[in-house]
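Report on the following structure.
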Amino acid sequence: MANQSDKDMELSLGKGSVLPGREDIPDAYKWRLSDIYKSEKDWEEDFKRIKRTLPQIASFMGRLGESAAVTLECFKLRDELAITLGRLVVYANMKSHEDTANSKNQGLANRASALSVEFSSAISFITPELLALSDAKLAAYVDDPSLKDYSFGLKDLMRRRKHVLSQAEEAIIARTGDMAGIADNAFSMLTNADMRFPPIKDEEGKITEMSEERAVSYLRSHKREVRKAAFDSLDGMLKTSKFYACVRKYPSTLASALDDDNIPESVYKNLVDTIESNLSLMHAYMALRKKALRVKELHMYDIYVPLVRDPFRDIPWSTAKEMLYDALSPLGEEYLSHVKDGIENGWIDVFPNKGKRSGAYSWGSYGTHPYIFMNYTNSFNDVSTLVHEMGHSMHSFYSRKNQPYATSEYSIFTAEVASTTNEVLLLDRLIANTNDRREKLYLLNRRLENIRTTVYRQTMFASFEQETHRRAAHDEDTTPDGLKSLWHDLNRKYYGPGTVIDEALKMEWARIPHFYNPFYVYQYATGYSAATALARDIAQNGRASRERYLRFLSSGGADYPINLLKDAGVDMSTPEPIKAVVEIFERTLDDMRAMLEG
């Protein structure tokens, strides 16, 4: 246990009005990058070794059909280079994030990035060359014991080869890359440079400059030329997606997007259908929100404010750690021992300092233990962030510990499952253990908001994407007015007749970046649903469920995500996990209503 002076120091670091310099942060609160490289000299030696060794990969070009032995040798060299490159990239970038004003560290990051491009270029022949092999040859490689670490990847290549074109056609497709990126680049330039919003007064009456991210929060409208640019970029993405799906012989853009992870289209359909069959609960929540806020009209800018003021104040780092350990105790002593070891032995960079990058993340590579980047300021949000990022880190820890490099990376479909499972465990634990009325109300409202924003809202996004791509495929209305009308109608459908859909909201779709990466957002909703099912299963059924979950964490990318989750006890090919989240939303809404009205 930390003594009072330790807690006072933690509070000072977390809430100080003047940020300390990096050198003023005690080592106990810094990550230990020396576990990767003890000195910059060691980093330089690895950098030079990759530069020296990289040309050797070209000696395998045109030879992958010779034998399994030659292919294995190629794979091993590629993996050896990739693992070392991962260490270089992670170290250089994390050093640069400690102090973004340090040009020397930024230089290391830039060099690592350039080397990554060289590496990608050097190995780019491997996949096309494997796909050019006959079915019999590739099948023989799949079954060859010497290539067992690569069997799943080779098998997946065989599955997807029907959507790969001839070498000449693939070369043409590759040349369309710059054109395909126009939509995303236009959006990035628009949001980063061209969007200009008038400043507003914040809650304290201070003038606040607006950005794209802030504009989403305040739901501000745009100038007409910006609206047109936003539409043009989205329209370009719709046409690009349609083109690629068509030339690669997919029945739809949705089928094309889901094929990378072999996700059945029924998963997407189950999500949208199940949520849209249960919108009355969202309407009831909006009615409760309107009543609790005591407003005559509930506008969209009223739906984000917490119904209960945050009762958690000035949580020192030592207390945050105890909250983490308590929340994750259902995952067992083995899991918890690794978490504690990481916390106390250099995994986490805790507090903000001058020049430190904002935000939080979990990172690392196959050649390192996980690292967590934070800017801890003693809030409950920060505790939740710690729990979330530790979920990512433990997923990576178990995966890299138990999988060869070839199958150590988990898919996007499962990427948020472990982190969200931890968050669900935290909230459930706190709600069950508090007797304080205000705390319980705050936590119940937080659970409602988590489900609203991560399941309901992301499913609304998924429904919007499904319809816009369907319209594009059938040459139907994707004009700005058509998309504005669709967005308005979806918001009306999801939030109900008792919520005012302001005129400015009709263009909100244009500044949601994930729409420029088709059919991505649904995975937030499915991930949350899977995580909720796993957390409840672990809490209710103990050891057997915990062991299945740890097996899931240890599996990385060794199978398709649907299969990995099914083995863990959650079948995302059925609507049942979505229905379970809806039931939790309903029970939480009932509990909160009873407390507010009691």
ask   = Given the Cα-Cα distance of Lys239 and Glu297 and 0.36 nm per residue of separation, how much length would full extension add, in nm?
value = 16.9 nm
inquiry  = Taking the alpha-carbon distance from Lys356 and a cut-off under 14 Å, which aspartates and glutamates remain once sequence neighbours fewer than 8 residues away in the same chain are dropped?
reply    = Glu23, Asp24, Glu98, Asp99
query = If you place +1 on the Cβ of every Lys and Arg, -1 on the Cβ of every Asp and Glu, and leave all else neutral, what size is the dipole of the chain about its Cα centre, to the nearest 20 Debye?
reply = 620
inquiry  = For the chain, give me the percentage of DSSP beta bridges that are antiparallel, rounded to the nearest 5 percent.
reply    = 55
task = Using the Karplus curve 6.51 cos²θ - 1.76 cosθ + 1.60 with θ = phi - 60°, work out ³J(HN,Hα) for each residue of segment 138-143 in order, rounded to whole Hz, and write x for Gly and Pro.
result = 5, 4, 5, 5, 4, 8
query = For the peptides 583-592, 360-369, what is the packing order when you average, over each peptide's residues, the other Cβ atoms within 10 Å and list the highest mean first?
reply = 360-369, 583-592
remark   = In the structure shown, of Lys30/Lys354; Lys321/Lys566; Lys242/Lys269; Lys354/Lys440, the pairs separated by more than 25 angstrom at the C-alpha atoms are Lys321/Lys566; Lys354/Lys440
ask   = Which aspartates and glutamates, on any chain, are close to Lys51 with Cα under 16 Å apart, when same-chain ones fewer than 8 places away are left out?
value = Asp42, Asp79, Glu80, Glu118
message = Could you give each residue of segment 392-402 its phi-based ³J(HN,Hα) in whole Hz, using Karplus coefficients 6.51, -1.76, 1.60 with θ = phi - 60°, and x for Gly or Pro?
response = 4, 5, 6, 4, 5, 4, 5, 5, 5, 5, 10
task = Among Leu505, Ala68, Ala255, flag the residue with its Cα farthest along the positive direction of the charge dipole of the chain, charges on Cβ as +1 for Lys/Arg and -1 for Asp/Glu.
result = Leu505
note = Assertion target for His338, His474, ordered by fewest C-beta neighbours within 10 angstrom first, is His474, His338
ask   = Once fully extended, how much extra length lies between Glu73 and Ala101, figured as 0.36 nm per residue of separation less the alpha-carbon to alpha-carbon distance?
value = 5.8 nm
query = Lys/Arg Cβ at +1, Asp/Glu Cβ at -1, dipole of the chain taken about the Cα centre: which of Gly527, Ser337, Gly14 is farthest positive-ward?
reply = Gly14
remark   = Within the under-11-Å Cβ sphere about Asn375, not counting Asn375, Lys/Arg +1 and Asp/Glu -1 give a net charge of 0
remark   = Under the helix-only model (-39500 (n - 2.57) for each DSSP H run of 4 or more, divided by the residues of the chain), the mean residue ellipticity at 222 nm, to 500 deg cm²/dmol, is -19500 deg cm²/dmol
inquiry  = Could you tell me the center-to-center distance, by alpha carbons, between segment 526-598 and segment 298-325 in angstrom?
reply    = 23
key: Projected label distance in nm at Glu547 and Lys41, using a 7 Å step from Cα toward the beta-carbon   = 5.0
key: Rg to Rh, two decimals, where segment 31-174 supplies the alpha carbon set and Rh follows Kirkwood   = 1.06
note = For Asp310 and Ser329, extending 7 Å from Cα along the Cα-Cβ vector and measuring point to point gives, in nm, a value of 2.6
query = Given a cut-off of under 8 Å on Cα pairs at least six residues apart, what relative contact order in percent is computed for the chain?
reply = 20
query = Around Phe585, with a cut-off of 12 angstrom between Cβ atoms, what is the net charge of the other residues, counting Lys and Arg +1 and Asp and Glu -1?
reply = -1
message = Give me the extension gain from Ser146 to Ser120: residue separation times 0.36 nm, minus the current Cα-Cα distance, reported in nm with one decimal.
response = 6.9 nm
query = By average Cβ neighbour count within 10 Å, what is the ranking of 69-76, 442-449 from highest down?
reply = 442-449, 69-76
query = Restricting to lysine pairs 8 or more places apart or on different chains, what number in segment 95-170 have Cα atoms under 26 Å apart?
reply = 5
query = Ala594 to Leu19: FRET efficiency via 1/(1 + (r/R0)^6), r the Cβ-Cβ distance, R0 45 Å, to the nearest 0.05?
reply = 0.55
key: Nonlocal amide H pairs with Val500, under 5 Å, H built at 1.01 Å   = Leu298, His299, Met300
Among Ile83, Pro352, Leu483 the positive-end extreme of the charge dipole of the chain (Cβ point charges) = Leu483
key: Cα centre as origin, Lys/Arg/Asp/Glu Cβ charges: segment 31-174 dipole, Debye   = 120
request  = State, to one decimal in nm, how far the label point of Asn402 lies from the label point of Leu11, with both points 7 Å from Cα in the Cβ direction.
outcome  = 4.2
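Every read-out reported here was derived from the displayed coordinates using simple, explicitly stated rules and does not represent laboratory data. Bear in mind that the values here come from a model prediction, so they are computed numbers and not experimental data. No Cβ is skipped: glycine too gets one built from the backbone with ideal geometry, and neighbour counts run over all protein chains shown.
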